[in-house]
Amino acid sequence: MSSGGDAKLFARGKVAELRQELHSGGKKDKNYSAKKIALKKIVANMTMSNNDMVALFPDVIECMNLPSLEIKKMCFLFLVNYSRMKPEVAMKALPILVDDMEDTNPLVRALALRTISYVHVREFVEATFQPLKRLMQDNDPYVRKTAAFCVAKLYEHDKKTVENSDLIDRLNRMLKDENPTVVSSVLASLCDIWGRSESISLTIDYVSASKLVSILPDCSEWGQSYILEALMSYVPQDTAEALLLAERVAPRLSHQNSAVVLTACRVILYLMNYIADEKHITSLCRKLSPPLVTLLSKPPEVQYLALRNAILILQKRPEVLRNDIRVFFCNYNDPIYVKVTKLELMFMLTTKDNISIVLAELREYATEIDVHFVRKAVRAIGKLAIKIESAAKQCIDTLLELVGAKIPYIVQEATVVIRNIFRKYPNQYESIISHVIRNIDDLDEPEAKAAVIWIIGQYADRIENSDGLLQDYLATFHDETVEVQLALLTATVKLFIQRPTKGQQLVPQVLKWCTEETDDPDLRDRGYMYWRLLSTDPATAKQVVMGQKPPITAESEKLDPRTLEELCLNVGTLATVYLKPIHQVFRAARPRRLQHSPALQRPRVEDGTASMLEYNPPTASMASASTSNSGLATITTTGNPISPINAPPPPTFPLDPNATGGGAGANAIHAADSYFNGIGSQQMAAMDLGGRGDGGAGSGGAPQSQFVVTQNQQQGYQPQYAGGAATGELLLL
Amino acid sequence: MLSGILVFNQKGENLIFRAFRSDCRPRLADIFRIQVIANPQVRSPILTLGSTTFSHVKHENIYLVAVTKSNANAALVFEFLYRLIVLGRSYFGKFDEEAVKNNFVLIYELLDEILDFGYPQNTETDTLKMYITTEGVKSAIANSPTDSSRITQQATGALSWRRSDIKYRKNEAFVDVIEDVNLLMSATGTILRADVNGQIVMRAYLTGTPECKFGLNDRLLLDSGTSSGANGGRGGGGISGNKQTTRAAAGSVTLEDCQFHQCVKLGRFDADRIISFVPPDGEFELMRYRATENVNLPFKVHPIVREIGTTKVEYSVAIKANYSSKLFATNVVVRIPTPLNTAKTTERTSQGRAKYEPEQNNIVWKIPRFSGQSEYVLNAEATLTSMTHQKAWSRPPLSLSFSILMFTSSGLLVRYLKVFEKGNYSSVKWVRYMTRAGSYEIRYV
């Protein structure tokens, strides 16, 4: 195939020159080669968004009727591009298009129909309706499939008119077409309309669903995806039906096109909700694993998608992929986004049986160059200690070994995870405190500092020079981030409670700083709370501050059931990359829910989030409160219209002596306890080991912790896009 | 579905901008340029800003970008972008900036044909080439409406990948079994991972509408349910290639999973594991498979790497061929990582040539021809410059590339390829086997 050689035409041009060229050639130019060249230059300028070209509209329309398909196509492209800028001139092209829709050549009819329906100009849209109805019954399947998509296009231009016409009914009737390509196009069109409508519902009964599955093999790979996608609108009424259909869809898992494979996975996972027999579920699950793994031999982007979906599917059906952990080991040359996702999967698939090989692997990653990846590997080790109790010791040994290499970012990361390990297994591994403290001078990131400060505070009675260590940090109190300041406040109070003599000088000073010399509302609030607590009843204070806290778990990793259910109905879509509730990322997306039917196997989750929030303060709502700025906080200082700066000193606050006594008081303490626990620290973040995923190398001042291996992390997703305000950080994994 | 397709060169110049929906505004090109091309921190192929998602693939020196709104089918988006590359290569030989600039009008024409309202349509090269060609003259308007009908039937038919009027004087089919063998070996010599990604590529030059049946020595154990991880009885690796071939011929291999070209009747494969299809004309990838059991590792590598203080690293790398002495590997390249502050190196090899490539931080040892059962050794030394900021060397794994003809790491063999056609002609079939290194990595202490 020869190369076009048009590169020289790809240059900025002037309207007058191009117009002249367009009219040159004259009668001698039988093949219109001069016109073609001029048009190509115009198309090139169009690409460069040289909007001067719109001035050539009349001249281009003149060329539209020349007997050359090549010229016609270029003119049509021009029309589609510029019609909205000059609708009145575009009108001149309308008769030509209407004419072409009656051409004897099916390719020309389809081209005209396709083009006219791209033009977002009222007259064009109106002029499409009548011919469209005719072309929907054209005797050529190619024209019919074009007509099928055309309905969805008109629906985008003008919802109302389409809804008031009988077009959607007609489209529905086309499902009976004998040509599979037409049928799949009709389904794609219907699903598209469904997606942007509030009122239209799409339902498919068993007979139709079964028929659709039977034409799958005769459709193009894209057509197969459209049909599979449409099958999500079939609600099985009977468990046998669901099973039969799932088994008939299963061969699609061997298709080469990953869109077919992942959409088939989606359908099968969906149908499983309606299948009663566990045996069948297990056998279907077994069919899902190999295709997912095979997708790892595809290009990295597809691998990434397969991996993200594996994370999702694994939560829903843990039996999938159970034996396959080694295939998720990272190759040295995998792109970073693939590596990080593999790491997450490895974490999920690790059990007490395979932890040894996983740890060996993670230790290997911790020596790689990419700092971000190394940190995630270190975090994963710490999280495994929390996930698998019997291997905690092994994980800690690995961590200490890595800390021994004294690479600053590894030390910092390890400090954070060791703090989490202490929180998970109180009174078990404190013997390693000295190892952690030894590297205290290497810590320069807020999160790591906060972690070590927490350790010092929590174990103030076991660390000989705990007051000295804290004092070192307190010397720079005002230069620290709020995260570190909060940690210092709490740690100082803990020191005082455990070793009053050592802490008695530090506490008043810190409380004064926190209440009088800071603008941060959280710090002030917490400062006051400690102050009042300590000044009221030291015994209760001890109970509150040093009280036993529930150990953390690795469970908060998991998506809440509602989101999980929703995402499973969207396997293979963009939302599965972000693994977030769909409306959070794509507000306009029409929600999909599992539909009720007699065959539905489990009750619909009505409010799965309640249990998630029960003891897990730093999830969504609490976390956002803690990171809020002072604007919000001034509103919440109820009753006392005090300005943050001139607050009256705490002791003058009237304190109700009964408040700490009765049951109500105990409740309050409990609430306060969990409150501190929650916001108290971003730095205490081990609690949610999975909330946020800011990936910066610790440089950003954002008070967010960095977590590995989270499903909920945002990857290159920015909810509000405001002009150029997007930061350079948004793509850090 | 897709709102638009954009193509950029590396400088961020927009070469193609085709919108399929009115929500794909021209300024999106600038946003992509700023947010992705000009942003060195981009590490994900997917970027969502507000309600707009950019999915991109880099190929040669161009970016192919799909713009979508709302929650699109991401798998379909990437498959489509890759299909676009396949089409571009088949039309222009190479799909790079130059090809795009030289053929931008044709690319617009193609895009208009293969996407309607952002939904991928027929993308079969063979059919498209019937009416979209680089020489505009030949395009369909010159043909009669009946010719056009033939095209439209083909584009919407169940065999959209094959024209019905193909004729060859000599009917031939070539089957290439190409395996990429992946290995990850730990510093202690344990195999962390070894598997094979196979690919069967066919070149069919067959008349009419031939029905093909294809048979492998596959153990039909796709779903045995006892897949025992990846550490089956390999490891030893002492079996010679020759023996392996015979064993495989007598025996069979277990394929973990298979994926097939659009033309293969998946229902039949699912039911009785018969691979039956009407092939496209010319070259296509018939199937891909994965095998994890009894993988024959063609090379065994023993690296010894010693850091002498902070100024020197000593290497001794021995590599042994595990396949039959009748076979040989070609283009064997061993990449031996060196620290970033390597000043100079010296190498001695018992076969082939070794050279230090500073830009890759590698010693590259090339052995053009490596006979089965032989063993070669490299001794090298890297002298390091002292650095003010001493950073530990990350010790990336040593890696191998090679290719071996008439050898499959999985032991897979083609048992038959039968061609049925109503013309009842006889056809000649050829099979060729090749094993290449996929990601063949060896770690060292």
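Some observations on this one:
For (1) over 18 Å from residue B:415 (Cβ atoms); (2) open to solvent by 30 Å² or more (accessible area, probe 1.4 Å), each residue gets a yes or a no:
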position: B:175; (1), (2): no, no
position: B:183; (1), (2): yes, no
position: B:189; (1), (2): yes, yes
position: B:210; (1), (2): yes, no
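- Screening segment B:49-150 for helices (runs of 4 or more DSSP H) wholly inside it with 2 or more residues that are of a type in the set (Val, Ile, Thr) and either more than 27 Å from the chain's Cα centre (by Cα) or crowded, with 21+ Cβ neighbours inside 10 Å (or both) returns the ranges B:104-114.
- When we screen A:199, A:208, A:225, A:220 for residues that are facing chain B (nearest Cβ under 9 Å) and farther than 18 Å from residue A:268 by Cβ, the only hit is A:220.
- Only listed residue being within 7 Å of chain A (Cβ to nearest Cβ) and at pLDDT below 95, chosen from B:90, B:70: B:70
- Against the numbered list (1) buried (at least 21 other Cβ atoms within 10 Å of the Cβ); (2) under 25 Å from the mean Cα position of the chain (by Cα); (3) in a strand (DSSP E or B), residue B:409 comes up short only at (3).
- Enumeration of residues in segment A:106-143 that are at the interface with another protein chain (Cβ under 9 Å from one of its Cβ atoms), under 22 Å from residue B:108 (Cα atoms) and not aromatic (Phe, Trp, Tyr): A:106, A:107, A:108, A:110, A:111, A:114, A:115, A:117, A:120, A:143
- Taking every residue in segment A:547-576 that is away from chain B (no Cβ under 14 Å) and over 19 Å from residue A:306 (Cα atoms) and pairing it with any residue that is among the hydroxyl-bearing types (Ser, Thr, Tyr) and part of a helix (DSSP H, G or I), at least 6 positions away or on another chain, the pairs with Cβ-Cβ distances below 6 Å are A:560/A:609.
- Matching residues in segment A:178-196 - criterion: being more than 32 Å from the chain's Cα centre (by Cα) and either in a helix (DSSP H, G or I) or more than 10 Å from chain B (Cβ to nearest Cβ) (or both): A:178, A:180, A:181, A:182, A:183
- Residue B:42 satisfies every condition listed in (1) open to solvent by less than 10 Å² (accessible area, probe 1.4 Å); (2) facing chain A (nearest Cβ under 8 Å); (3) modelled with pLDDT under 95 except (1).
- Filtered residue count, segment B:332-345, keeping only those that are surrounded by fewer than 17 Cβ atoms within 10 Å (Cβ to Cβ) and at pLDDT 95 or above: 1
- Pairs where the first residue, in segment B:191-212, is in a strand (DSSP E or B) and the second is aromatic (Phe, Trp, Tyr) and open to solvent by 30 Å² or more (accessible area, probe 1.4 Å), C-beta under 7 Å, 6+ apart: B:202/B:174; B:203/B:174; B:205/B:168; B:211/B:420
- Residue count for segment A:405-457, restricted to those that are of a type in the set (A, V, I, L, M), buried (at least 19 other Cβ atoms within 10 Å of the Cβ) and over 22 Å from residue A:467 (Cβ atoms): 7
- Checked against (1) open to solvent by 10 Å² or more (accessible area, probe 1.4 Å); (2) over 26 Å from residue B:152 (Cα atoms), residue A:162 passes all but condition (1).
- Residue B:24 fulfils the conditions (1) of a type in the set (A, V, I, L, M, F, W, C); (2) assigned to a loop (DSSP other than H, G, I, E, B); (3) touching a helix residue (DSSP H, G or I) at 6+ places or on another chain (Cβ under 9 Å); (4) within 27 Å of residue A:45 (Cβ to Cβ) except for a single criterion, (3).
- Failed item in (1) over 30 Å from residue A:333 (Cα atoms); (2) free of Cβ contacts under 8 Å to residues at least 40 places away in the same chain; (3) within 27 Å of the chain's Cα centre (by Cα), with residue B:16 passing the rest: (2)
- Test result for residue A:367, within 14 Å of another protein chain (Cβ to nearest Cβ), outside any helix (DSSP H, G or I) and among the hydroxyl-bearing types (Ser, Thr, Tyr): yes
- Among the residues making up segment A:458-470, those that are open to solvent by 10 Å² or more (accessible area, probe 1.4 Å) and farther than 24 Å from residue A:406 by Cα are A:458, A:461, A:462, A:467.
For every residue, the table says whether it meets (1) of a type outside the set (Gly, Ala, Ser); (2) open to solvent by less than 30 Å² (accessible area, probe 1.4 Å); (3) facing chain B (nearest Cβ under 10 Å); (4) in contact with a strand residue (DSSP E or B) (Cβ under 6 Å, 6 or more places away or on another chain).
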| site | (1), (2), (3), (4) |
| --- | --- |
| A:30 | yes, no, no, no |
| A:45 | yes, yes, no, no |
| A:50 | yes, yes, no, no |
| A:74 | yes, yes, yes, no |
| A:77 | yes, yes, yes, no |
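- The residues listed here are A:293, A:260; of these, the one that is among the hydrophobic types (A, V, I, L, M, F, W, C), surrounded by 24 or more Cβ atoms within 10 Å (Cβ to Cβ) and in contact with an Asp or Glu (Cβ under 8 Å, 6 or more places away or on another chain) is A:260.
- Residue selection: residue A:333 satisfies the criterion of being open to solvent by 20 Å² or more (accessible area, probe 1.4 Å) and of a type outside the set (A, V, I, L, M, F, W, C).
- Across segment A:210-239, the number of residues qualifying as closer than 21 Å to residue B:157 by Cβ, touching a strand residue (DSSP E or B) at 6+ places or on another chain (Cβ under 7 Å) and assigned to a loop (DSSP other than H, G, I, E, B) comes to 0.
- The listed residues are A:58, A:95, and the only one of them that is over 22 Å from residue A:17 (Cα atoms), of a type outside the set (A, V, I, L, M) and open to solvent by 10 Å² or more (accessible area, probe 1.4 Å) turns out to be A:95.
- Residue that is farthest from residue B:122 (Cα to Cα) [pool: residues in segment A:182-236 that are touching a Pro at 6+ places or on another chain (Cβ under 6 Å) and surrounded by fewer than 20 Cβ atoms within 10 Å (Cβ to Cβ)]: A:215
The values are calculated or read from the model by the stated rules, or taken from the named source; none is laboratory data. The structure presented is a predicted model; accordingly, all values stated were derived computationally and were not measured. No Cβ is skipped: glycine too gets one built from the backbone with ideal geometry, and neighbour counts run over all protein chains shown. Areas reflect the complete protein model, heavy atoms only, side chains present, ligands, DNA and RNA absent. Shrake-Rupley method; radii C 1.70, N 1.55, O 1.52, S 1.80 Å.
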